[in-house]
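Trainee: Provided herewith is a single structure, encoded as structure tokens, for subsequent inquiry.
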Amino acid sequence: MATRTHRVDRRTEALSKQRIVGAAIEILDEGGEGALTFRALAARLATGSGAIYHHVADKDALLAAAVDEVVARVTARSAGGEDPREAVRAVALGVFDAIDARPWVGTQLSREPWQDAMLRVLEGFGGPLGALGVPEHAQFDCATALLSYVLGLAGQYAAGARLLPPGTDRSAFLSTVADRWAGLAPEEYPFVRRMADRLPDHDDRAQFLTGIDLLLTGIAAIPS
């Protein structure tokens with residue numbers, strides 16, 4: 001009996017939280033949030049659910065840890081000696097690319113804004129503000145404005161993941177939306193009608209970065 005307990009203890013130690021989170025990310029990438037269950041995770045790791053619960057309390061905690069791991073990689077790559085403006089842009093684009101490649105990241109970020117992952121992003125935005133010349137009293141507002149913009153992206157991609165099943169032709173979907181825009185009453189929606197032709201082929205990443213640059217331009221104009 002003592003030998004059996006010793007083996008279980010050794011197995012639990014070998015099954016680190018890092019391994020569990022890594023396997024969870026693989027499952028999420030393959031099948032999305034719906035595919036992530038403790039049963040599927042136990043099968044992936046060739047262990048029992050009880051051993052996993054020793055490290056992770058529940059699925060919510062597991063999702064939060066998986067997103068934190070993805071965002072930690074992004075912010076680590078973005079850190080360095082860049083120009084402070086480029087440092088902010090690097091964090092923003094890193095998060096954008098992570099959400100674009102992994103819609104489940106956007107879903108989780110929009111669900112729980114003040115989780116550890118978003119604190120990493122907030123730090124990535126806030127750290128360079130002093131070097132940009134932003135006065136101390138304005139740094140919180142500036143950093144949270146950038147963070148709110150990213151949260152908006154996360155919410156948008158989370159909604160898109162729910163609305164568009166895997167394999168949906170995005171261009172065809174946007175063309176359908178553009179046709180609807182073009183058919184709106186011109187006296188009520190003159191701008192939307194003019195933009196209809198741009199919708200199907202617009203570049204989401206470039207559009208997102210334009211918003212970051214607009215925010216940075218405004219931030220640079222804050223008086224000392």
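Please treat every number below as a calculation from the coordinates, not as lab data. Computed from a prediction, not measured in an experiment: that's the story for all the values here. Positions of Cβ are backbone-derived with ideal geometry, glycine not excepted, and every protein chain shown enters the neighbour counts.
Trainee: Arranged by the count of other C-beta atoms within 10 angstrom, fewest first, what order do SER78, SER16, SER175 take?
Mentor: Working: SER78 20, SER16 11, SER175 15.
So the ranking, lowest neighbour count to highest, is SER16, SER175, SER78.
Trainee: May I ask you to derive the relative contact order of the stretch 67-224, considering only C-alpha pairs under 8 Å and at least 6 residues apart, and to give it as an integer percent?
Mentor: Values: 144 pairs, mean separation 42.3, N = 158.
Relative contact order, the stretch 67-224: 27 percent.
Trainee: So what's the convex hull volume per residue for the Cα atoms of the stretch 80-220, in Å³?
Mentor: Working: hull volume 18.9 nm³, N = 141.
Expressed per residue, the convex hull around the Cα atoms of the stretch 80-220 is 134 Å³.
Trainee: Can you list which of the GluC sites (Glu not before Pro) found in the stretch 39-105 are DSSP loop residues with at most 16 other C-beta atoms within 10 Å?
Mentor: Details: sites: GLU69, GLU82, GLU86; in loops: GLU82.
Taking the stretch 39-105 and a limit of 16 other Cβ atoms within 10 Å, the loop GluC sites (Glu not before Pro) found are GLU82.
Trainee: Neighbour counts of other C-beta atoms within 10 Å: give me THR210, THR144, THR107, THR75 arranged from fewest to most. Walk me through the intermediate numbers first.
Mentor: Details: THR210 11, THR144 14, THR107 22, THR75 19.
Lowest count first: THR210, THR144, THR75, THR107.
Trainee: Here's another thing I want to ask about it. Taking the alpha-carbon centroid of each part, what is the distance from the stretch 20-94 to the stretch 156-224 in angstrom?
Mentor: Between the Cα centre of the stretch 20-94 and that of the stretch 156-224, the gap is 28 Å.
Trainee: Per DSSP H run of n ≥ 4, the term is -39500 (n - 2.57); total these for the chain, divide by its residue number, and report the mean residue ellipticity at 222 nm rounded to 500 deg cm²/dmol. Before the final figure, lay out each step's value.
Mentor: On the way: 12 runs with 163 residues, N = 224.
When only DSSP H runs of four or more count, the value is -23500 deg cm²/dmol.
Trainee: Which GluC sites (Glu not before Pro) from the stretch 128-224 combine a DSSP loop assignment with at most 15 other Cβ atoms within 10 Å? Numbers along the way, then the final one.
Mentor: Working: sites: GLU136, GLU187, GLU188; in loops: GLU187, GLU188.
Those that pass, being in a loop and sparsely packed, are GLU187, GLU188.
Trainee: Quick one: order MET195, MET118 by neighbouring beta-carbon count within 10 Å, fewest to most.
Mentor: Listing MET195, MET118 from fewest to most nearby Cβ atoms yields MET195, MET118.
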